[in-house]
Amino acid sequence: MFGRASLFLVLGFSMIFTVYTANILFTTTRTVDYYSQYYTQTKAAQVAETGANMACNAFFLTQSATTQWAAGYSNVAFDGGTINVGVTFPGGGIVMITSIGSYSTTADTIQIKLRPSNFAKFGNFYSNVGNVYFATGDTTDGPIHFNTTCNVTGNPVFLGKVTCLNGINAYGTSNPKFLGGFQSGVSISLNNTTTNLASATGPSSGGVTLGGSGSKPYINVDMTFNADGTVTYKSQSSATSSFGSSSWTTPVTTPLSTFAPNGVILVKQGNVTTRGTLNGRITLAAVANGAGSSFGNVYLDNNLVYNSDPRINASSTDMLGLVAENNIQLNYNNSFGDVNVMGSLLAQNGGLVIQNYGSYPTIHNFKLLGGLTANTLNATSDASITHGFRYNQKYDSRLYDTYPPYFPLTGTYEVISWLE
């Protein structure tokens, strides 16, 4: 009995070891297969990523206002694999870059979507900050860029990502809070940003141009936006830069959709004064057309707000762009309390100006929902902050994804999706 049991025991262990050994061999073989598959997939992905980076670099180095890189790459050998890149332009300024990396029998694809970068995306943008410092108590919202240095003193707070050209210039003891990140070495030019607006107001484009031609090319425009989706405007034209006794036209009220179907109103060789409640999407611009710095200005003489506040109604489509070749100015009015403005503001050669800020009997708030892009950063109150306006800016988060009609572009592209 003992002998038979021993035989069964030996046979059982032999069977177990046979199955175990077979499993080990099978697992080892599969492990090698999996490793080989993982290796080729990883290599294909790396080759595709290399092609994508090469294409993005080539596009960014060669693109201009009139030229875009579209050559792509065909069967470029890299690290034992092959790169193929195609570039397409589906419309709306979008650029699609498709990079296919092949290694052995495996291929991997990366698709990148680019779009023109727009100044409306900035909560604050300044080409030259001069001697103005962001200090304790200052808080900026949204992306911010300084095309010189980021001047700080004390403990200012930057909620969005901060980019600049020449790093941080700290005065005294400083501990700025960059909650959205910080990057130096970034240069973005504000030159000639208003030039593309002219193409939006051509005969078949749907925009409207006021002034700049005829026997009386110089123009002043007064414009009130109405909550019912209309605009009321009048103008004053002159043959010379001195308007003298030139009379104003009779005010006209018309639907914005009829007046400027594509949303662009261009005041050429003149200035515009505006206020009201906007119901719609409009970019209002004033350019000097070579007439000097006394033209190409946008003047605010009261609140300018949306009919539907996006902070209350997330589906609001009201959106305003104010573009000045020179300054955007709040006209002096001693009866002002706080002033509310909603929109993306851009002053190409100047900045936001508070007229006679030192003459106000007390301090008020200039409340901006949106962003300010300017050449210069100007003071809005006296040094003691007892006369004039505090600058209170809140970013309109919709500007991450959309912007006012034909708002000026930075001249570069940005990645809006990277799909692997």
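The values are calculated or read from the model by the stated rules, or taken from the named source; none is laboratory data. Note that the coordinates shown come from a computational prediction; the quantities given were computed from them, not determined experimentally. Cβ sites come from the backbone with ideal geometry, for glycine too, and all protein chains shown count toward neighbours.
Numbers for the structure displayed
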| item | result |
| --- | --- |
| Residues that are modelled with pLDDT under 90 and in contact with a strand residue (DSSP E or B) (Cβ under 7 Å, 6 or more places away or on another chain), drawn from segment 121-131 | 128, 129, 130 |
| Candidate set: segment 232-260, residues that are β-branched (Val, Ile, Thr) and more than 33 Å from the chain's Cα centre (by Cα); chosen: the one surrounded by the fewest Cβ atoms within 10 Å (Cβ to Cβ) | 250 |
| Selection status of residue 318, without any contact (Cβ under 8 Å) to a residue 12 or more places away in the chain, under 19 Å from the mean Cα position of the chain (by Cα) and assigned by TED's automatic domain parsing to the domain that holds residue 134 | no |
| Residues that are among the polar types (S, T, N, Q) and out of contact with any Ser or Thr (no Cβ under 9 Å at 6 or more places or on another chain), drawn from segment 44-103 | 46, 57, 62, 64, 66, 67, 74 |
| Pairs where the first residue, in segment 376-400, is closer than 18 Å to residue 328 by Cα and the second is among the polar types (S, T, N, Q), C-beta under 6 Å, 6+ apart | 376/128; 388/380; 388/381; 389/380; 389/381; 390/365; 391/380; 392/365 |
| Where a residue in segment 255-279 is in a loop (DSSP other than H, G, I, E, B) and its partner, wherever it lies, is basic (Lys, Arg), with Cβ under 9 Å and at least six apart | 263/281 |
| Which listed residue is surrounded by fewer than 18 Cβ atoms within 10 Å (Cβ to Cβ) and in a loop (DSSP other than H, G, I, E, B), from 416, 385 | 385 |
| Residues within segment 339-359 that are over 23 Å from the mean Cα position of the chain (by Cα), more than 14 Å from residue 392 (Cα to Cα) and not in a loop (DSSP other than H, G, I, E, B), tallied | 3 |
| Selection count where residues are farther than 27 Å from residue 307 by Cβ and either without any contact (Cβ under 8 Å) to a residue 12 or more places away in the chain or small (Gly, Ala, Ser) (or both), scope segment 223-254 | 9 |
| Residue satisfying condition, being crowded, with 22+ Cβ neighbours inside 10 Å, part of a strand (DSSP E or B) and under 12 Å from the mean Cα position of the chain (by Cα), within set 410, 373 | 373 |
